[in-house]
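J.: I am attaching a structure below and will ask some questions about it afterwards.
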Ligand SMILES: [Zn+2]
C-alpha cells in the first residue's frame, strides 16, 4: 500500500483534473482527499519523507520523488521528498467516513477532539491484553509509539505489562492525560528524533529526546525515586521503566 501499484503514469492520470480537499490526518497517516472522486492520496512519510508546498521556481530538492503541479495561479506546487525510499504516495478509495480504505481500522489519536475516552476505556476493559500492547494497538488508539508509551506509563507509574482488564476509569483517565501531555510536549519541540534524517517540514530535527524520563534511560536514576531504570526486551523493541515506581503486576490466574 506504500506506492501506487499501477505506476507513476497511471497515478498522474488519475490525479489529473481533480482538486485536493482539506488535508486530513489520523495517527501517523496523512491524506489529501481528491474532490469528486471518492478517493484520496495517502502519504507514507516513513522515517524521512516530507510533503512540501514549494514555489514553482524553487530549486529541486536532491531527493525529490514526486511533483504535483496545480492549474491555479498561486505559483506553488506540492512535492514529496524522501531521502530514503521507505515513503511514497498512493491512491485509495474512501470509506463513507472519508478515510482511505486501507486505514479504516485505524482509531483516532488522543489529541483528536473526537477521540472518545469512554469508548477507549470500555475497549481496554474488554480486551484481554496488557497496557503497553493496548497503547500501541492502532485499532484502539493511534499516534502512540513505543517511546511515548514508555514515557506515559512512567508518568502514570504503571508497569507496561499490567493487564488492561483491571483498569478503573480514573486510572484510564490519568493515563490518557499523561499520553496527551507527552504528545503535546513532544509536538512543542518538534517531535522525537534519534535519526538526523527525520525532520519537520522546515528540515529541523526534533529535540524531545532530550527531555525523556524513561525511554533510553537504562541504568540511569529514575527522575522521581533515583532507582536505576531498567530495560527489558519487548515485542522486538524495548521497554524502559522504573522497577520501584512501576511495579511488576502480580499474576492473577
Ligand atoms: Zn522511580
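The values are calculated or read from the model by the stated rules, or taken from the named source; none is laboratory data. The model shown is predicted, which means the values in this text are computed figures rather than measured ones. All Cβ positions, glycine included, derive from the backbone under ideal geometry; neighbour counts span all protein chains shown.
J.: With the structure loaded, tell me whether residue 116 is free of Cβ contacts under 8 Å to residues at least 12 places away in the same chain and either surrounded by fewer than 17 Cβ atoms within 10 Å (Cβ to Cβ) or farther than 30 Å from residue 180 by Cα (or both) or whether it fails that test.
T.: yes
J.: Quick check on the range 75-96: of everything there that is touching a residue at least 60 places away in the same chain (Cβ under 8 Å) and part of a strand (DSSP E or B), which residue is surrounded by the most Cβ atoms within 10 Å (Cβ to Cβ)?
T.: Within the range 75-96, the match that is surrounded by the most Cβ atoms within 10 Å (Cβ to Cβ) is 89.
J.: Output the residue which, of all residues in the range 212-248 that are part of a strand (DSSP E or B) and away from the ligand (no atom under 13 Å from the Cβ), is surrounded by the fewest Cβ atoms within 10 Å (Cβ to Cβ).
T.: Residue satisfying both the conditions and the ranking: 233.
J.: Which strands (runs of 3 or more DSSP E) sit wholly inside the range 26-70 and have at least 3 residues that are in contact (Cβ under 8 Å) with a residue 24 or more places away in the chain?
T.: Of the strands (runs of 3 or more DSSP E) lying wholly inside the range 26-70, those with at least 3 residues that are in contact (Cβ under 8 Å) with a residue 24 or more places away in the chain span 29-34, 39-44, 49-55.
J.: Suppose the filter is in contact with a strand residue (DSSP E or B) (Cβ under 9 Å, 6 or more places away or on another chain), at pLDDT 85 or above and more than 24 Å from residue 114 (Cβ to Cβ); does residue 18 pass it?
T.: Answer is yes for this residue.
J.: Let me ask another. Which one of these does residue 251 not meet: (1) more than 24 Å from residue 111 (Cβ to Cβ); (2) modelled with pLDDT of 85 or more; (3) away from the ligand (no atom under 16 Å from the Cβ)?
T.: (2)
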